[in-house]
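Input: a single structure, listed below in structure tokens.
The values are calculated or read from the model by the stated rules, or taken from the named source; none is laboratory data. Predicted model, so just to flag it, every value in this text is computed and none were measured. Note that each Cβ is placed from the backbone with ideal geometry, even for glycine, and that neighbours are counted across all protein chains shown. Side chains included, ligands, DNA and RNA excluded: accessible areas come from the protein's heavy atoms. Shrake-Rupley method; radii C 1.70, N 1.55, O 1.52, S 1.80 Å.
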Amino acid sequence: MDEVKIPFNLTGGETVYLSRVWPGLVLEWKEGHLLLEFPAEADGISSAVYGGGMGRLQRAVNQFVSRDYECSDPVRDMEFILREWGYPQEGCAGLMTAVPLEHAAVIEEDTGSAGIFCCVTAASGNAARAGVERPVLAAYRPGTINIMLGIDGRLTPAAMVNAVMTAAEAKAAALADLGVTDPENGLIATGTTTDAIVLAVSQSGRYGAEHVYAGTATDLGGAIGRLVYAAVTGSLQSVKSVQPAHSVQPAKVEQLAEPVISAQTDQVVQHDSKAQAIQSAPMAQAVPPAPLAQTVSSARLTQAVPSALQEQARKGGQ
């Protein structure tokens, strides 16, 4: 598995990412959006606000909108902006996010039976826990954790749904290990109120295998889980590393003095009061502070909460 990358260095003019595992797949930072272009039409399933559901996809866009975006008709707004950008509306899945797009995290893996690409934009400003009562939203709001998955390989429709389930589980695991909580009740968050996902599958036969399952006990599902976990953590780390202390909103991340349950070890983990790292028996290394690293080892990400996130957690999450 590759390392997590924050690939877009706008001051250095780095705005294009070429996939290593899916030949011809291109992710590009453009003014106001990320464009994920597939080399050929792919089978898709998504919860995208525009072009969601099941169908054939040629591209996916992740549009940046301000936090005060007026959300009464996002489909109309997306149609308008697609025309302005010059993209055909057919075969397009459209997401929206208030996360600055330079914080997109990308990671890939070739399992030998499929090539998997994952891009995540993430923040925890409206973290929420599934399974509890909470106020409902009257209108659409732009997704806070957006996941774009691309798989070069063959999957049955059932395996595609299974892949989405695995991705959602990995996202929840990442938030749990980071101690992100629902501000309504203080419980560990499983996502945010407006997360979205796009999965595109090439159905190429170049690997000579067809996947009928994508759960965590399969090679494919295991890789999807690792990639989503690492990318969610990497994007959150990138966002937190540049967030001014005075702009941090009240508690979205657990106070460091309180223990959390590690999703990796099923053990109670006590936060270090000096915010150096969260320690548990199998955890041997800590991730370097985010401002010093543009690439983040996914192995390290699964072992310790980034220190930059912990420093911010003292004052509350985003």
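Assorted remarks:
- Checked against (1) buried (at least 17 other Cβ atoms within 10 Å of the Cβ); (2) out of contact with any helix residue (DSSP H, G or I) (no Cβ under 8 Å at 6 or more places or on another chain); (3) at pLDDT 95 or above, Ala128 passes all but condition (3).
- Inclusion of Asp182 among residues that are of a type in the set (D, E, K, R) and closer than 23 Å to Val4 by Cα is not warranted.
- Of the set (1) surrounded by 15 or more Cβ atoms within 10 Å (Cβ to Cβ); (2) free of Cβ contacts under 8 Å to residues at least 60 places away in the same chain, all apply to Lys30 but (1).
- Residue satisfying all of: in the range 207-234; among the aromatic types (Phe, Trp, Tyr) and within 15 Å of Ala167 (Cβ to Cβ); surrounded by the fewest Cβ atoms within 10 Å (Cβ to Cβ) among these: Tyr213
- Candidates are the residues of the range 87-116 that are outside any strand (DSSP E or B) and among the hydrophobic types (A, V, I, L, M, F, W, C); the one that is most open to solvent (accessible area, probe 1.4 Å) is Ala98.
- Counted residues, the range 40-70 - those being part of a strand (DSSP E or B), open to solvent by less than 20 Å² (accessible area, probe 1.4 Å) and more than 12 Å from Ile197 (Cα to Cα): 2
- Residue-level check: of (1) within 19 Å of Ile81 (Cβ to Cβ); (2) assigned to a loop (DSSP other than H, G, I, E, B), Glu37 misses just (2).
For every residue, the table says whether it meets (1) modelled with pLDDT of 90 or more; (2) closer than 21 Å to Ile6 by Cβ.
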residue: Asp68; (1), (2): no, no
residue: Cys71; (1), (2): no, no
residue: Glu79; (1), (2): yes, no
residue: Gly91; (1), (2): yes, no
residue: Glu102; (1), (2): yes, yes
